[in-house]
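The values are calculated or read from the model by the stated rules, or taken from the named source; none is laboratory data. Since the model is a prediction, treat every value here as computed from it, not as a measurement. Cβ atoms come from the backbone with ideal geometry, glycine included; neighbour counts cover every protein chain shown.
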Amino acid sequence: MEKALFLILILWSQTTQQHVPFPLFAIWNVGQGLWTSLITNESCLHIDVGGEKINWHQILLSCKSKQNEVFLTHNDWDHMSFLKPLSQKILKTCYHYKPLPPYTSSRKRKIIRHIKKCKTQQNKLIFSIYPFKTNFLSSSNAQSAVYIAYNQILIPGDSPQQQEKIWAPRIPRGIKILLLGHHGSASSTSKKLLQHLPQLNVAISSARKRKYGHPHFLVIQRLKANHIPLLKTED
């Protein structure tokens, strides 16, 4: 992993580049929700595949000819709404299966059950630092998995501050990019978490400010206090 990682915010981009010499990280403009992809020459590794809208032309251009692997932080609809159509449009799609919490709806169970499971549950470019074991908590947010991509990108799903206290000490020190937890809600991205990110270069919110109020004013203030630039997919 000697080559630089490029961050690309794809906001209805019309690029025709299909073959890349190093991984690219995409945060797709899905409105309120989250879909991120680590794109290599051989594969597209998706952490969450949800939201209100998606540019399928760009997804297919980047990923249709490749192996697609899906990791879900948790099973909230705004993080998995495109899982079924993705598997229908790209047949080489598999899902890194995790045991489902008892409160998972029958509709979501049916969707996940029909997605092919990945042959291995690990990938050298993406790993999880939380939860440590299958021990279902009271809410999907509290149960949210926390992923590290390319050893530089932190993707905490909707993990709240109470859980941040547990997993923050496990964060690799080289994190450069933070996807704001819970789309920038005040319930995530605590001061304590930011203290564990000394090399952070940028924070990114995948949300809609006008409708949902994300990123929250308090989160913006926390980032400013730590001199961390903020990017928003809706900008």
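One table, with the values for the structure above:
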quantity: Single condition G50 does not satisfy, out of (1) modelled with pLDDT of 95 or more; (2) within 21 Å of K119 (Cβ to Cβ); (3) touching an Asp or Glu at 6+ places or on another chain (Cβ under 7 Å); calculated: (2)
quantity: Only listed residue being under 28 Å from K165 (Cβ atoms) and more than 16 Å from the chain's Cα centre (by Cα), chosen from P85, P99; calculated: P99
quantity: Only one of K89, K117, K66, K108 that is more than 28 Å from S185 (Cβ to Cβ), in contact with a Phe, Trp or Tyr (Cβ under 9 Å, 6 or more places away or on another chain), surrounded by 13 or more Cβ atoms within 10 Å (Cβ to Cβ) and touching a residue at least 12 places away in the same chain (Cβ under 8 Å); calculated: K89
quantity: Filter pass, V202 being surrounded by fewer than 18 Cβ atoms within 10 Å (Cβ to Cβ) and of a type in the set (V, I, T); calculated: yes
quantity: Lone qualifier among N75, N29 - being farther than 22 Å from V202 by Cβ, within 15 Å of the chain's Cα centre (by Cα) and at pLDDT below 95; calculated: N75
quantity: Candidates L60, L100 - the one that is surrounded by fewer than 17 Cβ atoms within 10 Å (Cβ to Cβ) and assigned to a helix (DSSP H, G or I); calculated: L60
quantity: I220 vs. criteria modelled with pLDDT of 90 or more and either under 25 Å from P23 (Cα atoms) or in a loop (DSSP other than H, G, I, E, B) (or both); calculated: no
quantity: Residue within the range 192-207 that is touching a strand residue (DSSP E or B) at 6+ places or on another chain (Cβ under 9 Å), within 14 Å of I148 (Cα to Cα) and not small (G, A, S) present; calculated: yes
quantity: Residue ID - farthest from the chain's Cα centre (by Cα), chosen from residues in the range 47-60 that are closer than 18 Å to C94 by Cα and of a type in the set (A, V, I, L, M); calculated: L60
quantity: Given (1) touching an Asp or Glu at 6+ places or on another chain (Cβ under 8 Å); (2) free of Cβ contacts under 8 Å to residues at least 60 places away in the same chain; (3) hydrophobic (A, V, I, L, M, F, W, C), number of the condition I166 does not satisfy; calculated: (1)
quantity: Meets criteria (part of a strand (DSSP E or B) and closer than 24 Å to H214 by Cβ) for D78; calculated: no
quantity: In the range 133-154, residue surrounded by the fewest Cβ atoms within 10 Å (Cβ to Cβ) [restricted to those that are modelled with pLDDT of 65 or more and more than 17 Å from L72 (Cβ to Cβ)]; calculated: N151
